[in-house]
1. Please get the size of the charge dipole for the range 91-152, origin at its Cα centre, with Cβ charges of +1 on Lys and Arg and -1 on Asp and Glu, quoted in debye to the nearest 20.
2. R0 = 41 Å: FRET efficiency of R49 with S2, Cβ-based, nearest 0.05?
3. By how many degrees, 0 to 90 and rounded to 10, does the Cα axis of helix 10-19 deviate from the longest principal axis of the chain?
4. Just grab the label-to-label distance for N79 and K35, each label 7 Å out from Cα along the Cβ direction, in nm (one decimal).
5. Suppose every Lys and Arg Cβ carries +1 and every Asp and Glu Cβ carries -1, with no other charges. What dipole size does the chain come out with about its Cα centre, to the nearest 20 debye?
6. Give the calculated FRET efficiency between R152 and H27 to the nearest 0.05, with a Förster radius of 25 Å applied to their Cβ-Cβ distance.
7. Helix 120-129 versus the longest principal axis of the chain: what angle, 0 to 90°, nearest 10, using Cα atoms?
Amino acid sequence: MSYKVVPIPSEIARGVRETMRAPQYQHPAFADVAKGYGPCRQCLKTFVRDADERILFTYNSFENLSPLPLPGPVFIHKNECRAYDGDGFPPDLVALPLLFEGFGRDSELLIREPVEKDAIDAQLARIFASAGVRYVNIRNAEAGCFVARVDRA
């Protein structure tokens, strides 16, 4: 099965960096030195603790997918970074504690399971084969926040 890992849109990240506000909500954003691994929701690389600067802001990962907004906190690098556009699963994410969440119409949660680090491709194929699953969100299993979306390619 072919899939594509989709980071937050570059225009959202750019808007946050330019205004220090969440573009979808106009909530204030907050910049600080990284105290955790993240990851950055644009490049999908982990932060270097106590070195990288990052911005925390409110993001609705269901925008244009569902009429029900489900906003939550996310981080991006304070300085511009290149959006993840690679093939397969982002290497920096593999070692992190993550969940896959399979969603149907109107953000209906159909499946939630821990990521099987040694079988990610097979696990995603199985989730997408489940009845009604339209897309999969990757979620941080420790903090509970959105990381990225997975679409069929």
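1. 200
2. Between R49 and S2 the formula returns 0.75.
3. The helix 10-19 is inclined about 20 degrees to the chain.
4. 2.3
5. My answer is approximately 160 debye.
6. Efficiency at R0 = 25 Å is approximately 0.20.
7. 60
Values quoted throughout were computed directly from the atomic coordinates according to the rules given, and no laboratory measurement underlies them. All figures in this text were calculated on a predicted structure; none of them were measured in a lab. Backbone-built Cβ (ideal geometry, glycine too); neighbour counts: all protein chains shown.
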